[in-house]
Amino acid sequence: MRIVFMGTPDFAVPSLKALIAAGYDVVGVFTQPDRPKGRGGKVQMSPVKTLALANSIPVYQPLKIRKDGLNDLQSLAPDLCVTAAFGQILSQDVLDVPRLGTVNVHASLLPRHRGSAPIQWAILQGDTVAGITTMLTDRGIDTGDMLLRTETPILPDDTAGTLTVRLAEAGASLLLETL
């Protein structure tokens, strides 16, 4: 099965690692363009790009995948796309490319906390449980059919950082179970 992975931050790295370790044919990675970071404004690669290059996987960094990345995606002819914190909304043209659809690894127990910053919202709203939902992506914001879910307690001393690390690992495991 030919898979294209779409993700950018540290949260997405365990899912890409899991696909590689499980022997899936990851034919390309789409990630956000390199951007300046820190006080010095030095341009840095995303964590996903770093992992992809270390594994000799072609990397694509369109500003907007629906406009300047669609041809590259089509040329890769994926059977499936996997997204994890990619940071771009996928158009119907993009969603129509993979014959099996697009699976998203989302850092909340959908339908609660749709959209961006679900981990931070779970903590801010005093939730006692957080989790990962794998879902089929459609044109809405985290509105596609849910596939699988896994839960983890939010510990009293959890921060967005500590919870993100746990959920990223849980997401990688759930992704493999979903596939």
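What about Ser108, is it in contact with a helix residue (DSSP H, G or I) (Cβ under 7 Å, 6 or more places away or on another chain) and within 18 Å of Pro9 (Cβ to Cβ)? Even if it seems obvious, please write down each step before you answer.
Working: in contact with a helix residue (DSSP H, G or I) (Cβ under 7 Å, 6 or more places away or on another chain): yes; within 18 Å of Pro9 (Cβ to Cβ): yes.
Spelling it out, Ser108 is indeed in contact with a helix residue (DSSP H, G or I) (Cβ under 7 Å, 6 or more places away or on another chain) and within 18 Å of Pro9 (Cβ to Cβ).
On the basis of being touching a helix residue (DSSP H, G or I) at 6+ places or on another chain (Cβ under 7 Å) and not aromatic (Phe, Trp, Tyr), does Val59 make the cut? Can you show your working first?
Values: touching a helix residue (DSSP H, G or I) at 6+ places or on another chain (Cβ under 7 Å): yes; not aromatic (Phe, Trp, Tyr): yes.
Yes: the conditions hold for Val59.
Identify the residue in segment 14-42 that is over 17 Å from Tyr60 (Cβ atoms) and open to solvent by less than 30 Å² (accessible area, probe 1.4 Å) and, among all such residues, is nearest to the chain's Cα centre (by Cα).
Restricting to residues being over 17 Å from Tyr60 (Cβ atoms) and open to solvent by less than 30 Å² (accessible area, probe 1.4 Å), the top hit is Ser15.
The values are calculated or read from the model by the stated rules, or taken from the named source; none is laboratory data. Quick caveat, the model's predicted, so the values are computed rather than measured. Because the Cβ atoms are built from the backbone with ideal geometry, glycine has one as well, and the counts that use them run over all protein chains shown. With ligands, DNA and RNA removed, areas are computed over all heavy atoms of the protein, side chains included. Shrake-Rupley method; radii C 1.70, N 1.55, O 1.52, S 1.80 Å.
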